[in-house]
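As structure tokens, the structure follows; a few thoughts come after it.
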Amino acid sequence: MSILFTVVTGSQAHGLVTPYSDIDRRGVFISTTKELLSIGIHVFEKRQYTDKVDDVAYEIGKFLYLATKSNPAILEMFLAPIETCTKDGFAVRALFPHVWSSEGVKNAYLGYSRSQWNRFLHGKETRPSKFAAASVRSLYNAVELLETGSFTVRIADTEIGETIRLFKDGIFGHEEFREMKEHWETKLKKAYEENPHKETDMEAVNEVLLKLRQEYW
């Protein structure tokens, strides 16, 4: 197993750190092709939590598969602040323009936003307001992505940064959360209508993946 890159995500990357914030570290590793083709237990995801550090690493095959589904947490890894990165890691991160699709972004980000909203409404978890903040943040990023081809990981530096911070701190109530979420849902649907044709370039993704599979035999 070789680590291709590691990044910092979550509150640290979003510029929304609080005294309760963990350090969210995400990474991509590659297993040898010989190992993947051999009989045995294959690891495609590793998770570890120690001393408020949440470590998650994905095998490159799973990482790129989720990326082609426009998974919001995975797409963020392409743009998040780098901790470590090899030459091959930079080649993987350079695939960002090729992995996502317009329809995938619309569906995945709406789905993620609604799941976070439901976690907020149920209120069974510690500090549920952070899920409302995540719900709106993801919608804003999706609009950026469809309109510009990229998005701002450090949400604190955007036009809604201060509002997101207040959301996360629990300053606003359910109605304020709902109004802003519906506002950005509407903007996301409009952004999709104006750019519905961006497709995943599977040829470019597979070219890099197969090259790495050969190199890491």
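Among the listed residues Arg137, Arg114, which satisfies the condition of being over 17 Å from Thr9 (Cα atoms) and either open to solvent by less than 10 Å² (accessible area, probe 1.4 Å) or in contact with a helix residue (DSSP H, G or I) (Cβ under 9 Å, 6 or more places away or on another chain) (or both)? First the steps, then the outcome.
Details: Arg137 fails: over 17 Å from Thr9 (Cα atoms).
Being over 17 Å from Thr9 (Cα atoms) and either open to solvent by less than 10 Å² (accessible area, probe 1.4 Å) or in contact with a helix residue (DSSP H, G or I) (Cβ under 9 Å, 6 or more places away or on another chain) (or both) holds for just one of Arg137, Arg114, which is Arg114.
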Could you list, ordered by first residue, the pairs with Cβ atoms under 6 Å in which the first is in the stretch 97-121 and over 13 Å from Pro72 (Cβ atoms) and the second is at pLDDT 95 or above and among the acidic types (Asp, Glu), at least 6 apart or interchain? His98/Asp201; Ser101/Glu199
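Check the stretch 199-207 and report whether any residue there is in contact with a strand residue (DSSP E or B) (Cβ under 9 Å, 6 or more places away or on another chain), part of a helix (DSSP H, G or I) and under 30 Å from Lys87 (Cβ atoms).
Within the stretch 199-207, not a single residue is in contact with a strand residue (DSSP E or B) (Cβ under 9 Å, 6 or more places away or on another chain), part of a helix (DSSP H, G or I) and under 30 Å from Lys87 (Cβ atoms).
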Flag if His183 is farther than 18 Å from Val17 by Cα, more than 21 Å from the chain's Cα centre (by Cα) and assigned to a loop (DSSP other than H, G, I, E, B): no
Residue among Phe5, Phe44 that is of a type in the set (Phe, Trp, Tyr), touching a strand residue (DSSP E or B) at 6+ places or on another chain (Cβ under 7 Å) and either modelled with pLDDT of 90 or more or under 24 Å from Ile164 (Cα atoms) (or both): Phe5
The listed residue being over 30 Å from Thr163 (Cα atoms), at pLDDT 95 or above and among the hydroxyl-bearing types (Ser, Thr, Tyr), out of Thr50, Thr32, Thr68: Thr68
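Please pick out the residue among Lys106, Lys130 that is modelled with pLDDT of 90 or more, among the charged types (D, E, K, R) and either open to solvent by 30 Å² or more (accessible area, probe 1.4 Å) or assigned to a helix (DSSP H, G or I) (or both).
After applying the criteria, what remains is Lys106.
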Could you please find all residues in the stretch 67-90 being open to solvent by less than 40 Å² (accessible area, probe 1.4 Å) and part of a helix (DSSP H, G or I)? Ala67, Thr68, Pro72, Ile74, Leu75, Glu76, Met77, Phe78, Asp88, Gly89
Given the structure, is Glu193 part of a loop (DSSP other than H, G, I, E, B), open to solvent by 90 Å² or more (accessible area, probe 1.4 Å) and at pLDDT 95 or above? no
Flag for Asp55 being out of contact with any Pro (no Cβ under 9 Å at 6 or more places or on another chain) and open to solvent by 60 Å² or more (accessible area, probe 1.4 Å): no
Identify the single condition in (1) modelled with pLDDT of 95 or more; (2) open to solvent by 40 Å² or more (accessible area, probe 1.4 Å) that Phe96 does not satisfy, given that it satisfies every other one. (2)
For the stretch 50-66, how many residues are touching a residue at least 40 places away in the same chain (Cβ under 8 Å), of a type in the set (A, V, I, L, M, F, W, C) and in contact with a helix residue (DSSP H, G or I) (Cβ under 8 Å, 6 or more places away or on another chain)? 2
Residues to consider are Asp169, Asp157; find the one that is loosely packed, with under 15 Cβ neighbours inside 10 Å, of a type outside the set (Val, Ile, Thr), in contact (Cβ under 8 Å) with a residue 40 or more places away in the chain and over 30 Å from Leu4 (Cα atoms). Asp169
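The values are calculated or read from the model by the stated rules, or taken from the named source; none is laboratory data. A quick note: this is a predicted structure, and the numbers were derived from the prediction, not measured. Neighbour counts run over all protein chains shown; Cβ positions are idealised from the backbone, glycine included. Ligands, DNA and RNA are excluded from the accessible area calculation, which covers all protein heavy atoms including side chains. Shrake-Rupley method; radii C 1.70, N 1.55, O 1.52, S 1.80 Å.
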